[in-house]
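The values are calculated or read from the model by the stated rules, or taken from the named source; none is laboratory data. Remember, predicted model here, so these are calculated numbers, not experimental data. Heads up, the Cβs are rebuilt from the backbone with ideal geometry, glycines too, and the neighbour counts pull from every protein chain shown. Heads up: the accessible areas ignore ligands, DNA and RNA and are worked out on the full protein's heavy atoms, side chains in. Shrake-Rupley method; radii C 1.70, N 1.55, O 1.52, S 1.80 Å.
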Amino acid sequence: MSGLTLYDKIWAAHLVKQREDGTCLIYIDRHLIHEVTSPQAFEGLRLAGRKPWRPDANYATPDHNIPTTREERRQGLSGIEDPVSRIQVSQLDENCKEFNILEMDMDDIRQGIVHVVGPEQGITLPGMTIVCGDSHTSTHGALGALAHGIGTSEVEHVLATQCLMAKKMKNMLVRVDGQLKTGVTAKDIVLAIIGKIGTAGGTGYTIEFGGEAICSLSIEGRMTVCNMAIEAGARAGLVAVDQTTLDYIKDRPFAPKGEMWEQAEINWSQLRSDPDAAFDQVIELAAETIEPQVTWGTSPEMVAPVNGTIPDPAAETDVTRRQNMEQALKYMGLEGGTAIKNIALDCVFIGSCTNSRIEDLREAAQIVAGRRKADNVEMALVVPGSGLVKQQAEAEGLDKVFEAAGLEWREPGCSMCLAMNADQLGEGKHCASTSNRNFEGRQGFGGRTHLVSPAMAAAAAIYGHFVDVRDMG
Amino acid sequence: MPLDRANVDTDFIIPKQFLKSIRRSGFGANLFDEHRYLDVGEPDADNSERPLNPNFVLNQPRYRGASILLARNNFGCGSSREHAPWALDDYGFRAILAPSYADIFFNNCFKNGLLPIVLERAVIDELFQQVNAEEGYSLEVDLPRQVITRPDGSTIDFDVDSFRKHCLIEGLDDIGITLQDAEDIRSFEKRWRRTAPWTFRADVG
Ligand code: SF4
């Protein structure tokens with residue numbers, strides 16, 4: 001018999017019950033909550049007269065539509081101009097109070113994007129099952145946890161039962177062997193993977209990311225990769241636990257301490273796939289072949305190396321794909337055959353749960369230090385992922401570096417990743433973005449998003465068009 | 001109603017400005033908002049006053065009252081927002097036919113009384129041709145028998161998970177079903193507290 005994958009192990013450890021048709025009742029260790037997908041779930045609980053099964057397993061923070069300007073934030077809740085957003089945020093406060101759930105509210109220094117806060121606080125731990133009403137919950141898999149997004153009905157289900165009804169996924173291994181070239185980052189790895197397998201390539205799978213290039217990444221980098229597993233169609237992405245993982249978790253506020261830490265460490269060190277584990281599919285990439293990536297279309301799979309060109313739809317033989325490309329290019333106002341470097345930019349956005357951690361900000365700051373943003377770049381936002389990331393960045397003087405270069409330094413939140421707050425990309429504007437989705441209208445009605453790494457976004461801000469960061473010296 | 005476009009994402013189905021509602025209903029008027037109307041939709045706006053996009057398929061008179069959505073591959077990709085099935089359901093769709101769906105969306109449909117049916121690409125292609133060729137073309141979906149009937153009487157069989165089918169037909173509440181297993185959950189929890197005590201927080205009972 002072949003060995004077990006990491007996914008198999010975590011799944012088996014959390015199996016409460018299996019029904020005859022294969023549906024399983026899976027125990028959930030952590031449930032993360034934000035303001036957008038939870039109000040209807042809490043309402044459902046109230047209507048049915050139910051209570052959360054285990055309040056201590058739930059952690060909440062508002063992120064999606066809170067403002068990111070200092071002025072608005074200084075006034076707390078009443079500073080949220082949009083009345084509808086304000087109701088959602090205050091509703092979260094009330095629900096958490098009523099149901100005894102720990103909330104890091106908008107005035108708490110720990111507040112931030114839920115996928116940044118979880119790992120940062122040690123709420124996310126290896127071997128756990130973690131869910132959240134948000135598809136980028138896959139991020140937490142970077143710490144060897146089985147984490148995925150759920151819908152609002154499931155949010156209510158988890159609140160009420162601490163379990164999820166699910167069927168097991170298949171196993172996929174994406175192995176990135178060798179070493180990355182300098183200037184190439186975790187974001188480029190994951191964009192290259194999506195370019196290779198497509199946005200539906202991982203549908204029905206849990207993807208484990210492995211290989212030398214993945215193991216060499218920091219936890220922040222692994223989070224960037226797992227974050228975008230969902231853009232490859234996979235609900236969950238995973239990386240095995242190693243020393244890097246343990247070092248990252250030690251001494252985090254909610255991480256186990258003392259004797260319990262030692263017990264946990266022993267348990268966690270087994271969280272890796274067996275050498276003879278059977279995967280349903282294995283995808284291999286050579287790290288050396290990965291260049292800095294830039295998306296040119298309206299799906300993350302529409303991606304090309306920075307030194308490449310936008311592919312010509314006329315050369316595509318599959319009709320559906322060709323139509324897709326044509327639609328995308330029409331929306332983007334671009335043409336096949338154009339060099340990626342010739343795409344002019346109006347905006348830059350550095351932030352989101354993909355790339356708003358301290359490491360990402362350092363990477364971007366290093367590029368803009370001592371330089372000035374190009375005149376054609378009208379708006380360049382840098383939005384830290386949490387209050388603590390912001391504090392750390394300011395302690396390192398990164399805010400000053402950004403401001404000196406003409407970039408705006410903001411308060412933590414999702415911001416222009418999905419433009420639910422006031423941060424919106426204008427119609428027809430091109431934006432170099434470190435976020436994870438370039439769908440039509442994602443960053444604002446008619447906005448045109450190009451997904452890139454923080455270093456590439458920073459370089460684009462300086463030149464006003466895409467450049468290869470490696471040429472900047 | 002045929003929606004001839006691959007990778008329709010959840011932003012396409014219901015743009016994010018409508019996610020700010022704290023209710024579950026009323027999203028139907030903003031289904032496919034960015035394509036259905038010519039202006040930019042706002043929550044709480046009077047949608048009946050807004051200019052319609054005559055080229056968008058939903059606005060064609062022949063598809064008024066449609067309850068079956070014919071779609072292309074990877075339908076519902078993108079975010080986990082349940083507002084997408086809520087909007088489809090609120091508008092009046094009962095079933096979707098497509099070659100493939102995004103996982104989370106597929107799941108969310110069943111939880112909201114919406115039936116996503118997977119059919120082979122060739123069958124979907126054929127259905128697109130037929131509906132485009134024939135005004136008044138309509139299909140009938142029979143969930144208990146798992147068949148789709150075309151106007152000429154010919155049928156297409158489809159698969160559906162038996163448990164989900166049961167829940168859809170009976171209109172069962174998932175939470176109620178799970179709570180029947182409350183004893184199993186408690187005994188699992190007791191064991192788990194010994195195996196992985198760090199997953200429990202002591203300060204909240
Ligand atoms: S940063 Fe963007 S992708 Fe991440 S949780 Fe917020 S809105 Fe979603």
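Of the numbered conditions (1) surrounded by fewer than 24 Cβ atoms within 10 Å (Cβ to Cβ); (2) without any contact (Cβ under 8 Å) to a residue 40 or more places away in the chain; (3) on the phi < 0 side of the Ramachandran plot, residue A:202 satisfies every one except a single condition; which is it?
The one condition residue A:202 does not meet is (1).
Does residue A:273 satisfy the criteria of being open to solvent by 30 Å² or more (accessible area, probe 1.4 Å) and over 30 Å from residue A:335 (Cα atoms)?
no
Just to be sure, is residue A:188 within 15 Å of the chain's Cα centre (by Cα) and within 9 Å of chain B (Cβ to nearest Cβ)?
No: the conditions fail for residue A:188.
Looking at residue A:142, is it under 29 Å from residue B:25 (Cα atoms), at pLDDT 95 or above and small (Gly, Ala, Ser)? Working first, answer last.
Values: under 29 Å from residue B:25 (Cα atoms): no; at pLDDT 95 or above: yes; small (Gly, Ala, Ser): yes.
Answer is no for this residue.
Considering only the range B:146-180, state which residues are surrounded by 11 or more Cβ atoms within 10 Å (Cβ to Cβ) and more than 14 Å from every other protein chain (Cβ to nearest Cβ).
The answer is B:146, B:147, B:148, B:149, B:150, B:151, B:155, B:156, B:158.
Just checking, how many residues over the range B:1-56 are assigned to a helix (DSSP H, G or I) and more than 10 Å from chain A (Cβ to nearest Cβ)?
Looking only at the range B:1-56, we keep the residues that are assigned to a helix (DSSP H, G or I), and these are B:10-13, B:16-20, B:28-30, B:33-36, B:47-49.
Filter once more, so that each one left must be more than 10 Å from chain A (Cβ to nearest Cβ): B:13, B:28-30, B:36, B:47-49.
Adding up the residues that qualify gives 8.
Residues in the range B:86-106 that are in contact with a Pro (Cβ under 9 Å, 6 or more places away or on another chain) and within 23 Å of residue A:205 (Cβ to Cβ): how many?
So the count comes out to 5.
Output the number of the condition that residue A:331 fails; it satisfies all remaining conditions of (1) among the aromatic types (Phe, Trp, Tyr); (2) more than 14 Å from chain B (Cβ to nearest Cβ); (3) part of a helix (DSSP H, G or I).
(2)
So is residue A:148 assigned to a helix (DSSP H, G or I), within 14 Å of the ligand (Cβ to nearest atom), within 27 Å of residue B:25 (Cα to Cα) and within 13 Å of another protein chain (Cβ to nearest Cβ) or not? Before the answer, list the steps.
Values: assigned to a helix (DSSP H, G or I): no; within 14 Å of the ligand (Cβ to nearest atom): yes; within 27 Å of residue B:25 (Cα to Cα): yes; within 13 Å of another protein chain (Cβ to nearest Cβ): yes.
In short, no.
List the pairs whose first member sits in the range A:165-180 and is open to solvent by less than 20 Å² (accessible area, probe 1.4 Å), whose second member is in a strand (DSSP E or B), and whose Cβ atoms are under 6 Å apart, counting only residues at least 6 apart or on separate chains?
Filtered contacts from the range A:165-180: A:172/A:205; A:172/A:207; A:172/A:281; A:174/A:207; A:174/A:209; A:174/A:283; A:176/A:285; A:178/A:286.
Restricting attention to the range A:89-120, which residues are touching a Leu at 6+ places or on another chain (Cβ under 7 Å), aliphatic (A, V, I, L, M) and in a helix (DSSP H, G or I)?
Once the filter is applied, which keeps residues that are touching a Leu at 6+ places or on another chain (Cβ under 7 Å), aliphatic (A, V, I, L, M) and in a helix (DSSP H, G or I), the range A:89-120 yields A:89, A:114.
Return the pairs, sorted by first residue and then second, in which the second residue is hydrophobic (A, V, I, L, M, F, W, C) and surrounded by fewer than 24 Cβ atoms within 10 Å (Cβ to Cβ), the first residue lies in the range A:433-450 and is within 11 Å of chain B (Cβ to nearest Cβ) and within 17 Å of residue B:19 (Cβ to Cβ), the beta carbons are less than 6 Å apart, and the residues are 6+ apart or on different chains.
A:443/A:419; A:444/A:419; A:445/B:40
Looking at the range A:238-255, which of the residues that are within 13 Å of chain B (Cβ to nearest Cβ) and in contact (Cβ under 8 Å) with a residue 24 or more places away in the chain is surrounded by the fewest Cβ atoms within 10 Å (Cβ to Cβ)?
Going through the qualifying residues, I end up with A:253.
Based on this model, can you work out whether residue A:110 counts as within 30 Å of residue B:195 (Cβ to Cβ), within 9 Å of another protein chain (Cβ to nearest Cβ) and open to solvent by 10 Å² or more (accessible area, probe 1.4 Å)? Give the steps one after another, and end with the answer.
Values: within 30 Å of residue B:195 (Cβ to Cβ): yes; within 9 Å of another protein chain (Cβ to nearest Cβ): no; open to solvent by 10 Å² or more (accessible area, probe 1.4 Å): yes.
No; evaluated as a whole, the condition is false for this residue.
Take the range A:78-107 and flag every residue that is more than 12 Å from chain B (Cβ to nearest Cβ), more than 22 Å from the chain's Cα centre (by Cα), surrounded by 15 or more Cβ atoms within 10 Å (Cβ to Cβ) and within 18 Å of residue A:410 (Cα to Cα).
Across the range A:78-107, the qualifying residue is only A:79.
Going through the range A:376-429 one residue at a time, which ones are part of a loop (DSSP other than H, G, I, E, B) and more than 15 Å from the ligand (Cβ to nearest atom)?
Those that are part of a loop (DSSP other than H, G, I, E, B) and more than 15 Å from the ligand (Cβ to nearest atom): A:376, A:377, A:378, A:396, A:397, A:405, A:406, A:407, A:426, A:427, A:428, A:429.
Name the single residue, out of those in the range A:439-467 being in a loop (DSSP other than H, G, I, E, B), within 10 Å of residue A:294 (Cβ to Cβ) and of a type outside the set (Ser, Thr, Tyr), that is farthest from the ligand (Cβ to nearest atom).
Taking the range A:439-467 as the starting set, the residues that turn out to be in a loop (DSSP other than H, G, I, E, B) are A:439-447, A:452-453, A:464, A:466-467.
With within 10 Å of residue A:294 (Cβ to Cβ) added as a condition, the list becomes A:452-453, A:466.
After this cut, where a residue has to be of a type outside the set (Ser, Thr, Tyr) as well, the list is A:452, A:466.
Numbers: A:452: 15, A:466: 22 Å.
That would be A:466.
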